[in-house]
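The values are calculated or read from the model by the stated rules, or taken from the named source; none is laboratory data. Since this is a predicted model, take the numbers as computed values, not measurements. Glycine gets a Cβ as well: all are built from the backbone with ideal geometry, and neighbour counts include every protein chain shown. The area values use the complete protein model at the heavy-atom level, side chains included, leaving out ligands, DNA and RNA. Shrake-Rupley method; radii C 1.70, N 1.55, O 1.52, S 1.80 Å.
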Amino acid sequence: MTDSKDSIIEVTDLTKYYGDFLAVDHISFEVEKGEVFGFLGPNGAGKTTTIRMLTGLSRPTSGRASILGFDINQHLVEIKHHIGVVPEISNLYDELSALDNLLFMARLYGVPGPQRRKRAEELLKLFGLDERQDSLFRTLSRGMKRALTIAAALIHKPEILFLDEPTVGLDVVAARSLRNLISNLHQQGITIFLTTHYLEEADLLCDRMAILVKGQIIKVDSPQALKALAQEESVIEFSFRKEASAFLDNLAAKLLEARVVAVNHSTVRIYGGEPALIYIQVCKLAEESHLEILAVNTIRPSLEDAFIKITGLSPTVMAMEKGAK
């Protein structure tokens, strides 16, 4: 737990029910000033619900939270002056240009009239959108729309930025560009509260993160400390020449002292156990199944490994987009 004088967000036993459904289950955490704090978890874990409570879009069932010392239930107006919110679905207007969207948001946030255009143009330049300032929002690419939505949330120079799944739906290039932008904002001293179900994104961006599963916080720590948890056991990866699903199922049943996780249909990672013995057992079983081993590698622990160890969930659960079956 951080010293309260360094904490910009403090949450204690925050809980949210929707009818009989418990969406957020008595969570507690603190966010330090100037850090990127991540909420990492599969879709449906309660990440967006938490942001909605912290930003005043949904009232908690119980528990308490404060932002910059202001209680979220009693001082929401004051809080809104200090935060910027980027929802997963953009709140900007298709029929307005990039510049006019920013000018409208500046007026909405109470930016003084003489400063609005200057601030909007500064942000357009910072986000690489100055040449598209007269383009209607609906004509922009997904990446540009996302960048402009973040720019709009920064129009009033907030101290804290809430980002809900910022790179969902973006292609690889646009997602990388947006992550670089988030890193630049971090370097400017803005505190960033980020939700994501992308393990790589959390690893790249976050100073600390909370792992959230089924509305509960399982662990809070830095990516480095979380990965260190997985270093207590060996991780060996075997790749086979052909599809080996049936063999991998058999392997899991045989190696009782270790955990077997399929990476894909022809690759498996084995967590724990005695490495030399694991190697001998897998080679023997592969030979009996007439299955050729292409490669064997010792894997350095990743955030994915830590996630598997902490939650017991497969990384495929994290990869599922909203609405996927």
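State whether the residues of the range 109-116 include one that is out of contact with any Leu (no Cβ under 6 Å at 6 or more places or on another chain), crowded, with 16+ Cβ neighbours inside 10 Å, over 21 Å from ILE51 (Cα atoms) and not aromatic (Phe, Trp, Tyr). Steps first, answer last, please.
Filtering the range 109-116 for residues out of contact with any Leu (no Cβ under 6 Å at 6 or more places or on another chain) gives 109-115.
Narrowing the set further to residues that are crowded, with 16+ Cβ neighbours inside 10 Å leaves 109, 111.
Checking the rest, the ones that are also over 21 Å from ILE51 (Cα atoms) come to 111.
With not aromatic (Phe, Trp, Tyr) added as a condition, the list becomes 111.
Yes, that holds for at least one residue.
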- Of the residues in the range 293-316, how many are assigned to a loop (DSSP other than H, G, I, E, B) and of a type in the set (D, E, K, R)? 1
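For residues that are small (Gly, Ala, Ser) and modelled with pLDDT under 85, scanning just the range 218-243, find the one that is surrounded by the most Cβ atoms within 10 Å (Cβ to Cβ). Let's see the steps before the verdict.
Keep residues of the range 218-243 that are small (Gly, Ala, Ser), which gives 222, 225, 228, 230, 234, 239.
From what is left, the residues that are modelled with pLDDT under 85 are 228, 230, 234.
Values: ALA228: 13, ALA230: 22, SER234: 18.
So, considering only residues that are small (Gly, Ala, Ser) and modelled with pLDDT under 85, the one surrounded by the most Cβ atoms within 10 Å (Cβ to Cβ) is ALA230.
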- Condition broken by LYS284, with the remaining ones in (1) farther than 30 Å from VAL85 by Cα; (2) modelled with pLDDT of 90 or more; (3) touching a strand residue (DSSP E or B) at 6+ places or on another chain (Cβ under 9 Å); (4) of a type in the set (D, E, K, R) satisfied: (3)
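Would you be able to tell me the number of residues in the range 145-199 that are in a helix (DSSP H, G or I) and of a type outside the set (Val, Ile, Thr)? So that I can check it myself, show each step before the final result.
Initially, the range 145-199 is screened for residues in a helix (DSSP H, G or I), giving 145-153, 172-187, 199.
Pick out the ones that are also of a type outside the set (Val, Ile, Thr) and you get 145-148, 151-153, 174-181, 183-187, 199.
Residues that pass the stated criteria total 21.
Could you list all residues from the range 236-254 that are under 30 Å from the mean Cα position of the chain (by Cα) and either over 12 Å from ALA286 (Cβ atoms) or free of Cβ contacts under 8 Å to residues at least 24 places away in the same chain (or both)? Working first, answer last.
Our first condition is that a residue be under 30 Å from the mean Cα position of the chain (by Cα); within the range 236-254, this holds for 236-239.
Result: ILE236, GLU237.
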- Out of (1) under 29 Å from GLN224 (Cα atoms); (2) buried (at least 20 other Cβ atoms within 10 Å of the Cβ), the odd one out for HIS26 is which? (2)
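Just checking, which of PHE137, PHE162, PHE127 is among the aromatic types (Phe, Trp, Tyr), in contact (Cβ under 8 Å) with a residue 40 or more places away in the chain, open to solvent by less than 50 Å² (accessible area, probe 1.4 Å) and within 21 Å of GLY38 (Cα to Cα)?
On the way: PHE137 fails: within 21 Å of GLY38 (Cα to Cα); PHE127 fails: within 21 Å of GLY38 (Cα to Cα).
None of the other options fit; the residue is PHE162.
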- Query: For GLU95, are the conditions met, namely being under 30 Å from GLY19 (Cα atoms), acidic (Asp, Glu) and either touching a strand residue (DSSP E or B) at 6+ places or on another chain (Cβ under 9 Å) or open to solvent by less than 70 Å² (accessible area, probe 1.4 Å) (or both)?
  - Reply: no
- Item | All strands (runs of 3 or more DSSP E) inside the range 1-93 with 1 or more residues being closer than 16 Å to VAL220 by Cα | 7-18, 21-32, 36-40
- Message: Checking GLU257 against (1) closer than 30 Å to LEU204 by Cβ; (2) over 31 Å from the mean Cα position of the chain (by Cα); (3) in a loop (DSSP other than H, G, I, E, B), only one condition comes out false. Which one?
- Response: (1)
- Query: What about PHE162, is it over 20 Å from ALA120 (Cα atoms) and at pLDDT 95 or above?
  - Reply: no
- Of the residues in the range 98-108, those that are under 14 Å from LEU154 (Cα atoms) and either open to solvent by 100 Å² or more (accessible area, probe 1.4 Å) or charged (D, E, K, R) (or both) come to ARG107, LEU108
- Message: Looking at the range 221-238, can you tell me whether even one residue there is assigned to a strand (DSSP E or B) and of a type in the set (S, T, N, Q)?
- Response: no
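Kindly indicate the residue of the range 200-217 that is in a helix (DSSP H, G or I) and open to solvent by 10 Å² or more (accessible area, probe 1.4 Å) and also farthest from ILE67 (Cα to Cα) among those meeting that condition. Give the derivation first.
Keep residues of the range 200-217 that are in a helix (DSSP H, G or I), which gives 200-205.
Add one more test, that the residue is open to solvent by 10 Å² or more (accessible area, probe 1.4 Å), and what stays is 200, 203-205.
On the way: GLU200: 28, ASP203: 25, LEU204: 25, LEU205: 22 Å.
Filtering the range 200-217 for residues that are in a helix (DSSP H, G or I) and open to solvent by 10 Å² or more (accessible area, probe 1.4 Å), the one farthest from ILE67 (Cα to Cα) comes out as GLU200.
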- Query: Which residue pairs have Cβ atoms closer than 8 Å, lie 6 or more positions apart in sequence or on different chains, and pair a first residue in the range 33-58 that is touching a residue at least 60 places away in the same chain (Cβ under 8 Å) and over 26 Å from GLU78 (Cβ atoms) with a second residue that is assigned to a helix (DSSP H, G or I) and among the aliphatic types (A, V, I, L, M)?
  - Reply: LEU40/LEU199; LEU40/ALA202; GLY41/MET318; PRO42/VAL317; PRO42/MET318
- Task: Go through the range 110-124 residue by residue and tally those that are under 28 Å from the mean Cα position of the chain (by Cα) and touching a residue at least 12 places away in the same chain (Cβ under 8 Å).
- Result: 3
